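Chemist: What follows is a single structure, and I will ask about it in a moment.
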């Protein structure tokens, strides 16, 4: 897989955009700015996916991350009040000694990862010499006037092998999502909602009624 | 004509340049990004995410850094999938399928994690991770 020409140019543009947006995500003072930079990083990575000829995953990335997860993040940021951060009164990083230690750790990690990937890639090239021709499967794809057939084929092939080779993991993933839905609903309930669903430990309830007499009324209503 | 008579010497000169100059080699490999460049980008994104998790105090930004880490892993999966596809491997799409599952798990993790954040904020009125120290003594 060697990109060339305009593909190489776009590769570098989107790679730099992804890395800078990632850095700004970590460094931004305001959490909303962090979320927006994370969105641009995710979109750039989706563009890299397109350059690696996996258009379906790029679409899924944009729909799920930018459309779903990031909207959720923004809602939560607006639910919990982060005024102190925006005013600039509080420190956004941990204590300097912790930050130094973790940065040293990260530098070691980046050195190790880059060394490992370059050495491993050299070994891979020794195993399979460079200048690979395009695979027979790719050449056999029909070309339409707009060039869209290849994109359609990618979706078709991913879907086909998803259900052919990974149908059990697919079902497990759906159960996982169901658990996530139920779990987040349970976690985000208020005490009042828990009391009216009669789902509180009696000892805890006794203490809480002392603090807030309204809860006793709710409890009687549920009975 | 004259160029022709010189051409063996010129050829030797260019060959020597290509063989010796490391800078030229780097330029050529930068003009043609391959699997290793994707891996480098993935590694850098991963490290940025790890640094975010370790240094930030805001729990929501920590969750965003975790998303960044998962995304770097996805980039590696996609790059290797493409590499195997070009080299004619049998099941080259396994990487793309695994990416779908990683995205599913990331979405579930974000939903549960943000539910925990809301419950935590309701009880402790803070989102700074160094103030959430109930298990510390």
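Any read-out appearing in this document is the output of simple, stated calculations on the displayed coordinates, not a laboratory observation. As the structure is a prediction and not an experimental result, all values here were calculated from the model. Note that we place each Cβ from the backbone using ideal geometry, even for glycine, and neighbour counts take in every protein chain shown.
Chemist: Multiply the residue separation of residue A:9 and residue A:101 by 0.36 nm, subtract the distance between their alpha-carbon atoms, and state the gained length in nm to one decimal.
Modeler: Difference between extended and current length: 29.5 nm.
Chemist: Now for a different question. Rounded to a whole number of µm²/s, how large is the Stokes-Einstein D of the range B:21-119 at 10 °C and 1.306 mPa s, given Rh as the Kirkwood radius over C-alpha pairs?
Modeler: 103 µm²/s
Chemist: Counting only other chains, what is the mean number of Cβ atoms within 10 angstrom of the Cβ of each residue in peptide A:64-76?
Modeler: 5
Chemist: Additional query: Place the peptides A:60-66, A:44-50 in order of packing, highest mean first, counting for every residue the other Cβ atoms within 10 Å and averaging per peptide.
Modeler: A:44-50, A:60-66
Chemist: Among A:194, B:24, what is the fewest-to-most ranking by other Cβ atoms within 10 Å?
Modeler: B:24, A:194
Chemist: Simple spin-label model, 7 Å along Cα-to-Cβ: residue A:210 to residue A:179 in nm?
Modeler: Output for this residue pair reads 3.8 nm.
Chemist: How high is the FRET efficiency between residue B:21 and residue A:199 when r is their beta carbon distance and R₀ equals 51 Å, given to the nearest 0.05?
Modeler: 0.10
Chemist: Determine, for each peptide in A:37-43, A:9-15, the mean count of other beta carbons within 10 angstrom over its residues, then list the peptides with the highest first.
Modeler: Packing order, densest peptide first, comes out as A:37-43, A:9-15.
Chemist: Can you pull the mean other chain C-beta count within 10 Å for peptide A:38-47?
Modeler: 3
Chemist: Let me ask something else about it. Using 7 Å Cα-to-Cβ label points, what is the residue A:124/residue A:91 separation (nm, one decimal)?
Modeler: A separation of 4.1 nm, rounded to one decimal place.
Chemist: Take every residue in peptide B:23-35, count the Cβ atoms of other chains within 10 Å of its Cβ, and give the average of those counts.
Modeler: 4
Chemist: Now for a separate question. Give the Rg/Rh ratio for the range A:1-123, taking Rg as the radius of gyration of the Cα atoms and Rh as the Kirkwood radius, to two decimals.
Modeler: So for the range A:1-123, dividing Rg by the Kirkwood Rh gives 1.05.
Chemist: Where does each of A:196-208, B:31-43 land if you order them by average Cβ count within 10 Å, highest first?
Modeler: B:31-43, A:196-208
Chemist: A further question on this structure: Given a Förster distance of 45 Å, report the FRET efficiency between residue A:156 and residue A:108 from their Cβ-Cβ distance, rounded to the nearest 0.05.
Modeler: With R0 = 45 Å, the Cβ-Cβ based efficiency is 0.55.
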